[in-house]
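The values are calculated or read from the model by the stated rules, or taken from the named source; none is laboratory data. Computed from a prediction, not measured in an experiment: that's the story for all the values here. FYI the Cβ positions are ideal-geometry reconstructions off the backbone, even for glycines, and counts take in every protein chain you see. For accessibility, only protein heavy atoms count, side chains too; no ligands or nucleic acids. Shrake-Rupley method; radii C 1.70, N 1.55, O 1.52, S 1.80 Å.
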Amino acid sequence: MLRLLIWARDFAFLLVATMTVLFFLVRLAGDPAIMLAGPDATPAQLDAVRQAYGFDRSLIEQYLIFASHMVRLDFGTSLADGMPALDKVLDTYPASLFLAVMAMALNLAVSIPVGAWLGQERGGAGRRLARGFISVMQGFPGFVLALLLVNLFAVGLEWLPSVGYAGPASWVLPVVSVASFLAPKLIRVVEANTAAAYRSHYVRTAVAIGTGPRTILWRHVMPNALLGATAVVGAEFAFMVTGLVVIETIFAWPGIGWLLVRSTLNLDFPVVQAIVFIIVIAVFLTNLATEAVQMRLDPRLRGPGAAGGANG
Amino acid sequence: MNGPVNDTPILAIRDLQIDAVPAGGAPRRLVDGVSLSVAAGEVLGIVGQSGSGKSLSAFAVARLLPDGVRLAGGSVHLGGQRIDDLDEGRMRALRGGRIGFVFQDPLSSFNPVRTIGSILIESIRRHQRLDAKSARTLAVEMLARMRLPGKDACVDAYPHQLSGGQRQRAMIALALANGPDLLIADEPTTALDPTIQLQILALLKQQTAGRASILITHDLSVAAAICNRIAVMHQGRLVESGPAAQVLTDPQHDYTRSLLRHARLAPAATGEA
Ligand SMILES: Nc1ncnc2c1ncn2[C@@H]1O[C@H](COP(=O)(O)OP(=O)(O)O)[C@@H](O)[C@H]1O
Ligand SMILES: [Mg+2]
């Protein structure tokens, strides 16, 4: 109960702070009236626009109006097309979340077995080769790989569509691009945690009671190695829910990252504010879920609990 | 029982050689020419300062050596049967079955995400043909016999929920779960508070009856408390061994004498503090 209150307090603080900073940053970024009225507008036309949208009031006044509307989840309408800003965001977010979930699923499916395999032993030609490959992958900026994949499979071989969000074939390249950006880091963490678990005293205990290598891997090593990896998985997911701006732009993926770029360039600040509002909530929920998973996996986080009586 | 059976020691180690084999470099001898034997009912203390090769010598019995360390020579017999050349499957059947281990640090030696009972049950079912329910009953019984408190004797407790002494009792229950012939305890009291140390030593002493036991310690007073025989190790070699009374009162080797001097100084030093 206390935990929940602390969470709620942190969440409220984070949301208010972020939205406040954002509000003033956006107002510093440029004059939206020029965008709305067009470059050839006369000063009189500009003034009319400013009056219509309330830009002529003081910043503090505008902020208070904005804040009072935000409390009612009213972010105003898009300056570009007059649609409610929040609706635009909620319409595009599922595509982003879909990409995030698919990429994370692929990332987990690859990184956990590969990391566990690498963590079991140091030597061997296969493992050395895999480690070298992962190092190279880790050095690639995500979008370079995405562009290479597009060139190879969409432009060169014409096997897969390069853009859009229409059916499984169009998902492959974006999902693979994102997953291959996430995987090297997770593989490294799973590998390091697996190796550490194999060196641990509790695995020596398992060997000392006659447990075989498979049970040692599945029942002793992996639960601990995955526990150590949950923080990274959570951080990677939080990173994705903030919008995969570059990937969505390259693949014309109609998600929140793509919307964010367009709205920012157009100074469409109601939409930008709605996007950030939703992202803050999504990141917060992701962190909450990560913590819940860690509590589930690690009995030490669930508090001391009831055990024995007297010492000794 | 007949004479010849009784005469065969439970454990006989002959001319043990253990090497460190670093990835790139040349092998380095860590333990050289150690020979020991332990009969049923006997408690052998292996004493010596840290790094003298006590743990490696004892772990080598069940080929429980860390990565980068290997058995380079010698032989190990358990109950008259040679075991150092057994294949891994047969060796696994001995570990936790006929040979039980108690380790120094009971917190790091228990898997943090598994209950004490689940580890015990894993060992019991590995070595005895028992269904899950009977294995659990036996686990509770073993823990209760080691005097863990509560109706279920902490069988469902996670390691962090127990005190240091309780964890070491659970570790002893684990070592004894399948009625081993040989009990190897490596510094079993070193990580514990002094008052708890005495309780654990008393419990160990009681549990050594009828089997062969090895107690590794750097503390001569611990060895003096429960060992019949004492072997002294120094820099990977056995420098002296014999009946406890003889080694403690009439040491033959300079190194043993210096150990004894330090052991006698220790209580006086703490008394003045
Ligand atoms: N994994 C290892 N690799 C290399 N050397 C080791 C390893 N483990 C122990 N040693 C060395 O072997 C020697 C004996 O170690 P150990 O048997 O643990 O000593 P003790 O138990 O008497 O304190 C020490 O010098 C130690 O540094
Ligand atoms: Mg040691």
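Of the residues screened, B:Ser35 is one that is at pLDDT 95 or above, touching a Gly at 6+ places or on another chain (Cβ under 9 Å) and either outside any loop (DSSP other than H, G, I, E, B) or among the aromatic types (Phe, Trp, Tyr) (or both).
Scanning segment B:45-67 for residues that are assigned to a loop (DSSP other than H, G, I, E, B), over 17 Å from B:Gln17 (Cβ atoms) and more than 12 Å from ligand 2 (Cβ to nearest atom) yields one hit, B:Asp67. Taken together, the residues in segment B:147-170 that are surrounded by fewer than 21 Cβ atoms within 10 Å (Cβ to Cβ) and assigned to a loop (DSSP other than H, G, I, E, B) amount to 7. Would you say A:Val172 is crowded, with 16+ Cβ neighbours inside 10 Å and either closer than 24 Å to A:Val221 by Cβ or among the small types (Gly, Ala, Ser) (or both)? In short, no. Here B:Ala26 qualifies as on the phi < 0 side of the Ramachandran plot, outside any strand (DSSP E or B) and away from ligand 1 (no atom under 11 Å from the Cβ).
Filter segment B:9-42 down to residues that are of a type in the set (Gly, Ala, Ser) and under 22 Å from A:Arg204 (Cβ atoms) and give me whichever is most open to solvent (accessible area, probe 1.4 Å). Looking at residues that are of a type in the set (Gly, Ala, Ser) and under 22 Å from A:Arg204 (Cβ atoms), I get B:Ala23. Identify, please: which residue in segment A:289-312 is open to solvent by 50 Å² or more (accessible area, probe 1.4 Å) and among the aliphatic types (A, V, I, L, M) and is, among those, modelled with the lowest pLDDT? Per the stated criteria, the residue is A:Ala310.
When segment B:54-70 is filtered for residues that are on the phi < 0 side of the Ramachandran plot and within 11 Å of ligand 1 (Cβ to nearest atom), the ones remaining, listed by number, are B:Lys54, B:Ser55, B:Leu56, B:Ser57, B:Ala58, B:Phe59, B:Ala60, B:Leu65, B:Pro66, B:Asp67, B:Val69, B:Arg70. Annotation note: of A:Leu14, A:Leu86, A:Leu4, the sole residue that is more than 15 Å from A:Phe269 (Cα to Cα) and touching a residue at least 60 places away in the same chain (Cβ under 8 Å) is A:Leu14. Of note, A:Thr194 does not satisfy the criterion of being under 30 Å from B:Arg95 (Cβ atoms), in contact with a His (Cβ under 9 Å, 6 or more places away or on another chain), assigned by TED's automatic domain parsing to the domain that holds A:Pro254 and modelled with pLDDT of 95 or more. Does any residue of segment A:46-58 turn out to be crowded, with 19+ Cβ neighbours inside 10 Å and not in a helix (DSSP H, G or I)? No, there is no match, as no residue in segment A:46-58 is crowded, with 19+ Cβ neighbours inside 10 Å and not in a helix (DSSP H, G or I).
Screening segment B:171-273 for strands (runs of 3 or more DSSP E) wholly inside it with 1 or more residues that are away from ligand 2 (no atom under 16 Å from the Cβ) and of a type in the set (Ser, Thr, Tyr) returns the ranges B:212-217, B:237-243.
The residues of segment A:188-204 that are open to solvent by 60 Å² or more (accessible area, probe 1.4 Å) and assigned to a loop (DSSP other than H, G, I, E, B) amount to a single one, A:Arg199. Filtering segment A:175-186 to residues that are of a type in the set (A, V, I, L, M) and open to solvent by less than 10 Å² (accessible area, probe 1.4 Å) leaves A:Val178, A:Ala179, A:Leu182, A:Leu186.
Checked against the criteria, B:Gly89 does not count as surrounded by 15 or more Cβ atoms within 10 Å (Cβ to Cβ), modelled with pLDDT of 95 or more and more than 16 Å from ligand 2 (Cβ to nearest atom).
Identify all residues within segment A:35-52 that are touching a residue at least 24 places away in the same chain (Cβ under 8 Å) and either under 25 Å from A:Ile281 (Cα atoms) or in contact with a helix residue (DSSP H, G or I) (Cβ under 9 Å, 6 or more places away or on another chain) (or both); write none if there are none. Across segment A:35-52, the qualifying residue is only A:Leu36. Just one of the listed residues (B:Gly51, B:Gly45, B:Gly73, B:Gly79) is of a type outside the set (S, T, N, Q), within 8 Å of ligand 1 (Cβ to nearest atom) and either open to solvent by 40 Å² or more (accessible area, probe 1.4 Å) or more than 14 Å from every other protein chain (Cβ to nearest Cβ) (or both), and it is B:Gly51. Within segment B:136-171, the set of residues being facing another protein chain (nearest Cβ under 8 Å), more than 19 Å from B:Gln197 (Cα to Cα) and of a type in the set (A, V, I, L, M) comprises just one member, B:Ala157. All told, A:Val26 falls short of being within 23 Å of A:Leu73 (Cα to Cα), open to solvent by less than 90 Å² (accessible area, probe 1.4 Å) and free of Cβ contacts under 8 Å to residues at least 24 places away in the same chain.
Within segment A:135-161, residues that are assigned by TED's automatic domain parsing to the domain that holds A:Glu191 and modelled with pLDDT of 75 or more reach partners that are aliphatic (A, V, I, L, M) and surrounded by 14 or more Cβ atoms within 10 Å (Cβ to Cβ) with beta carbons closer than 6 Å, at six or more positions or on different chains, in the pairs A:Ala146/A:Ile247; A:Ala146/A:Ile250; A:Leu149/A:Leu173; A:Phe153/A:Leu160.
Of all the numbered requirements in (1) farther than 30 Å from A:Gly228 by Cα; (2) touching a residue at least 40 places away in the same chain (Cβ under 8 Å), B:Met142 misses one, and that requirement is (2).
Out of curiosity, is B:Leu259 over 25 Å from B:Ile99 (Cβ atoms) and within 16 Å of ligand 1 (Cβ to nearest atom)? Judged against the criteria, B:Leu259 is a match.
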